[in-house]
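**Q** Mind having a look at this structure? Questions to follow.
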Amino acid sequence: MLSIKNLHVSIHNKEILRGLNLEVKAGEVHAIMGPNGTGKSTLASVIAGRDIFEVTAGEILYKGKDLMDLSPDERACEGIFLGFQYPVEIPGVSMTNFMRTAVNEQRKYKGLDPLSGTAFLARMEEKKQLVELTSKLTNRSVNEGFSGGEKKRNEIFQMAMLEPSLAILDETDSGLDIDALRVVANGVNKLRTADNAFVVITHYQRLLDHIIPDFVHVLFEGRIVKSGDKSLAYELEEKGYEWLKESAFTSGI
Amino acid sequence: MAEGICFHIRNLNRMKNDIQTNVISLKEKMLHLHSQHLTGLNEAPFMKKIRENALESFQKNGFPHNKMEDWRSTNLSKTLAMDFKQHFEPGSEPVNIDSIFSCDVHHLDTYLITLLNGWYSNAEKPLNILPDGTIIGSFAKASVVYPEIFEKYYAKTAEDPKNGMNALNTAFAQDGVFIYVPDNVKVDKTIQIVSIINLDENILIQPRNLVVVGKNAQLQLVHCDHSVQHRASFINSVTEIFIEENAEVEYYKLQNKDNETTLITTTYFEQAAHSRLTSNVITLNGGLIRNNMRVSLNGAGADAKLLGLYLMDREQHVDNNLFIDHRSADCTSTQLYKGILDDQAEGVFNGHILVRPDAQRTQAYQNSKNILLTDKANIHTQPQLEIYADDVKCSHGATVGQLDPEAMFYMRSRGIREDTARMLMMYAFAAEVINQVKILPLRHQIDEMIYKRLKGELSTCDQCILDCNAKRDIHFEIDLKKI
């Protein structure tokens with residue numbers, strides 16, 4: 001589904017990603033871990049199409065298409081979803097209006113008729129329950145006045161509404177207490193199918209107790225330096241990242 | 001009876017160098033017209049006195065010009081150099097207003113008053129007295145029938161030496177709208193004033209409106225401007241609104257004029273103790289617009305909320321000039337003006353708050369927020385706080401920016417196309433003001449108009465036979481990429 005080869009990305013002439021490779025297939029959950037400032041969020045933003053980053057080399061293929069040819073909204077319509085680390089507040093745009101616009105623009109892209117008001121509201125109700133989001137929140141402006149946990153649950157809610165093929169969750173667990181973490185993880189687990197894939201970016205192993213990954217990758221200084229199964233996450237938790245720096249050093253990074 | 005004010009610019013360069021000379025010339029023409037048509041008017045001595053004083057003031061001050069601090073960013077010289085006609089009597093042909101105007105605000109049930117070319121249009125019934133005692137009618141007729149009201153209120157706010165346009169209006173005032181709401185009356189429907197210009201000539205009109213809202217009374221007033229013929233017009237209107245003790249007024253001004261219009265409005269609000277005012281000025285189009293809002297908080301506990309929204313493009317110019325005079329203790333005032341400027345459009349916001357020595361515990365807030373869609377659009381925003389009391393809370397803020405790129409990316413990452421995302425953002429920006437329109441059908445209509453305006457469609461009403469049917473170049477589109 002997603003194939004990243006030798007990806008180099010810079011911002012303000014500073015290279016963040018330096019030859020990253022990643023293969024994600026349908027039905028898989030990949031976790032990307034690593035210390036701060038190694039490029040995890042950059043990777044997420046570049047896949048979603050944030051234009052402040054410059055791709056200087058390499059390619060990202062998604063379902064065989066070169067993502068660089070697609071705008072952020074086209075990528076979303078093709079089925080890519082980014083769960084933001086810091087969801088943006090948009091005063092004056094109601095959650096309902098925002099989601100309805102998004103759902104219908106995606107339907108239009110696919111040549112479908114817009115959802116009727118009733119069908120849309122029914123879908124909202126159903127998906128809200130998934131992440132235990134109250135109506136109070138959906139009646140407000142997008143993310144405005146939401147607590148940290150509410151913002152993150154709102155990201156999962158949007159994901160549920162848009163039913164992407166590939167969801168990238170950028171530190172969705174950061175700032176969550178254990179109950180909120182459970183709600184978010186449950187939401188993701190319920191949405192897992194054989195046809196979609198998840199890339200879960202996280203700093204801590206604790207999220208991976210709830211969302212069991214098929215693969216764990218360690219991102220360090222712009223490259224994936226180690227990949228393994230979920231046991232790698234426990235190893236990292238135990239040993240920290242220091243030993244990786246040494247192995248990265250010895251492997252010539 | 002029509003008289004031309006002809007003024008030709010033979011030397012454009014000279015005009016640029018010496019605006020003053022031209023203005024003086026036009027001033028002399030106005031003075032001449034006045035002596036021909038208005039000095040001999042048969043009117044009450046006190047009315048005559050007011051007119052004379054105003055004329056004297058205009059003679060002394062003349063037209064505003066760029067060297068005046070308050071007019072630094074709005075240049076009238078182009079308008080003053082044009083050739084306009086003035087009419088000193090209403091048109092003699094009976095006019096069926098329904099045939100030229102129908103308001104398209106759905107479900108908006110109002111007492112509708114129309115001014116045609118500055119004159120009260122219903123000649124057969126110049127005064128309408130409602131069962132609750134409210135009087136709605138012609139300014140000219142009311143000044144004769146209710147001299148005691150006029151003597152008490154008319155031109156009492158006009159001592160505004162900086163405002164030559166106001167003096168000019170008072171010197172030339174003949175007709176307009178008169179509204180009187182007795183004490184303790186809540187007017188059961190919104191009163192709507194529609195000022196229509198329908199003449200196939202360039203015209204200068206100076207409507208004069210007087211509104212008195214008695215103690216504990218309530219009034220919702222909607223004031224709209226329309227043009228039928230697309231000729232240049234110069235409108236200099238003055239409205240005085242007196243809000244007596246504990247009375248409440250909602251005032252809405254809707255401006256959607258063509259690019260040939262110069263519209264100068266001056267609105268005075270005189271507020272007694274514990275009175276409440278919400279004013280909302282919405283400007284969607286217009287050539288050159290200047291709105292002077294003068295609020296005087298005369299009694300303790302009075303509250304004024306002044307909101308504004310302007311969406312301008314091409315070479316349109318809008319200038320909102322506010323003066324809030326805190327004369328009494330425990331009063332509150334809030335100003336929130338927001339604008340979106342495209343192309344080379346220019347906005348001016350001047351908010352002057354004066355807190356006099358006795359006005360302790362004043363709370364006065366001001367906020368001007370603007371979005372510029374191009375490098376060439378610009379906004380001059382200037383707060384002015386003048387505080388002579390020591391126990392006050394005042395604040396002002398001004399922001400000028402583009403649409404938030406983070407929010408744009410967030411929306412696009414959900415599949416919302418760039419132009420739709422821009423629309424949503426601009427709409428959201430405007431919503432803060434629109435949502436405070438309390439008359440629901442009006443809010444929906446304004447909502448619709450703004451939506452169309454932002455999409456680049458004409459925002460005049462759908463089915464009305466005004467601007468929409470006019471066969472002319474409609475260059476209202478905003479490039480969607482820029483929205």
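Every number here is computed from the coordinates shown, using simple stated rules; none is lab data. Nothing here was measured: the structure is a model prediction, and the numbers come from that model. Cβ sites come from the backbone with ideal geometry, for glycine too, and all protein chains shown count toward neighbours.
**Q** 7 Å from Cα along Cα→Cβ at both A:I212 and B:K29: what's the point-to-point distance in nm?
**A** Using points 7 Å along Cα→Cβ, the separation is 8.9 nm.
**Q** Something else about it: Could you derive backbone 3J(HN,Hα) for segment A:189-195 from the dihedral phi with the Karplus parameters 6.51, -1.76 and 1.60 (θ = phi - 60°), listing whole Hz in sequence and x where the residue is Gly or Pro?
**A** 4, 5, 8, 5, 9, 6, 9
**Q** Order B:300-309, B:70-79, B:382-391 from most to least packed using the mean count of other Cβ atoms within 10 Å.
**A** B:300-309, B:70-79, B:382-391
**Q** Another question, if that's okay. Relative contact order for chain A: what percent, with Cα pairs under 8 Å and sequence separation of 6 or more?
**A** Relative contact order here is 28 percent.
**Q** Something else: Please sort B:234-240, A:173-179, A:16-22, B:184-190 by packing, taking for each peptide the average over its residues of neighbouring beta carbons within 10 angstrom, highest first.
**A** B:234-240, A:16-22, B:184-190, A:173-179
**Q** Something else now. Please state the shape class of segment B:195-241: rounded when a/c is under 1.5, otherwise prolate if a/b exceeds b/c and oblate if not, all from the C-alpha gyration tensor.
**A** Because a/c hits 1.5 or more and a/b exceeds b/c, segment B:195-241 counts as prolate.
**Q** Also, I was wondering about something else. When the scattering of segment B:212-288 is computed by the Debye formula from its Cα atoms alone, each counted once and equally, what is log10 I(q)/I(0) at q = 0.12, 0.14, 0.26, 0.27 Å⁻¹?
**A** With no solvent term, the Cα-only Debye profile gives -0.40, -0.52, -1.13, -1.19.
**Q** How many angstrom lie between the Cα centre of segment A:111-132 and the Cα centre of segment A:45-65?
**A** 30 Å
**Q** Which aspartates and glutamates does B:K253 reach when only Cα atoms under 18 Å apart count, and residues fewer than 8 places away in its own chain are ignored?
**A** Cross-link targets: B:D104, B:D109, B:D225, B:E240, B:E270, B:D319, B:E432, B:D447, B:E448.
**Q** Need one value for A:71-78: mean number of C-beta atoms belonging to other chains within 10 Å of its residues' C-beta atoms.
**A** Mean shielding by partner chains, rounded to a whole number: 6.
**Q** Would you mind counting up the charge near B:Q218? Only other residues with Cβ under 12 Å from its Cβ, with Lys and Arg at +1 and Asp and Glu at -1.
**A** -1
**Q** Counting pairs of alpha carbon atoms under 8 Å apart in space and at least six apart in sequence, what relative contact order in percent does chain B give?
**A** It comes to 10 percent, rounded to a whole number.
**Q** Using only the alpha-carbon atoms, how far is helix A:95-109 inclined from the longest principal axis of chain A? Give it as 0 to 90 degrees, nearest 10.
**A** With rounding to tens, the tilt is 80 degrees.
**Q** Please report the antiparallel percentage of the DSSP beta bridges confined to chain A, to the nearest 5.
**A** 60 percent
**Q** Lysines within cross-link reach of A:K226: Cα-Cα under 23 Å, excluding same-chain residues under 8 positions apart?
**A** A:K5, A:K25, A:K40, A:K239, A:K245
**Q** Just grab the label-to-label distance for A:T56 and B:K438, each label 7 Å out from Cα along the Cβ direction, in nm (one decimal).
**A** 6.1 nm
**Q** Further question on the same structure: Taking a threshold of 30 Å on the Cα-Cα distance, which of the pairs B:K49/B:K257; A:K110/A:K190; B:K60/B:K125; B:K67/B:K438; B:K48/B:K305 fall above it?
**A** Correct reply: B:K49/B:K257; B:K60/B:K125; B:K67/B:K438; B:K48/B:K305.
**Q** With only alpha-carbon atoms in the gyration tensor, what are the semi-axes of the equivalent ellipsoid for segment B:136-191, in Å, largest first?
**A** The three semi-axes for segment B:136-191 are 24, 13, 12 Å.
**Q** Taking neighbour counts of Cβ atoms within 10 Å as a proxy for exposure, in what order, fewest first, do B:M47, A:M68, B:M426, A:M33 appear?
**A** A:M68, B:M47, B:M426, A:M33
**Q** Over the C-alpha atoms of chain B, what are the Rg and the largest Cα-to-Cα span, Dmax, in Å?
**A** 21.9, 71
**Q** Give me the percent of DSSP beta bridges within the protein assembly as shown that run antiparallel, rounded to the nearest 5.
**A** Within the protein assembly as shown, antiparallel bridges account for around 20 percent of the total.
**Q** Inside 10 Å of the C-beta atoms of B:428-435, what's the mean count of C-beta atoms belonging to other chains?
**A** Going residue by residue through B:428-435 and averaging, the value is 3.
**Q** By a straight-distance test (C-alpha under 16 Å), which lysines pair with B:K85 as possible cross-link partners, with residues fewer than eight away in the same chain excluded?
**A** Answer for B:K85, where 16 Å is the Cα cut-off: B:K27, B:K29, listed by chain and number.
**Q** Please report, in Å, the Rg and the Dmax of the protein assembly as shown, where both are computed over Cα atoms only.
**A** Taking only Cα atoms of the protein assembly as shown, I get Rg and Dmax of 31.7, 104 Å.
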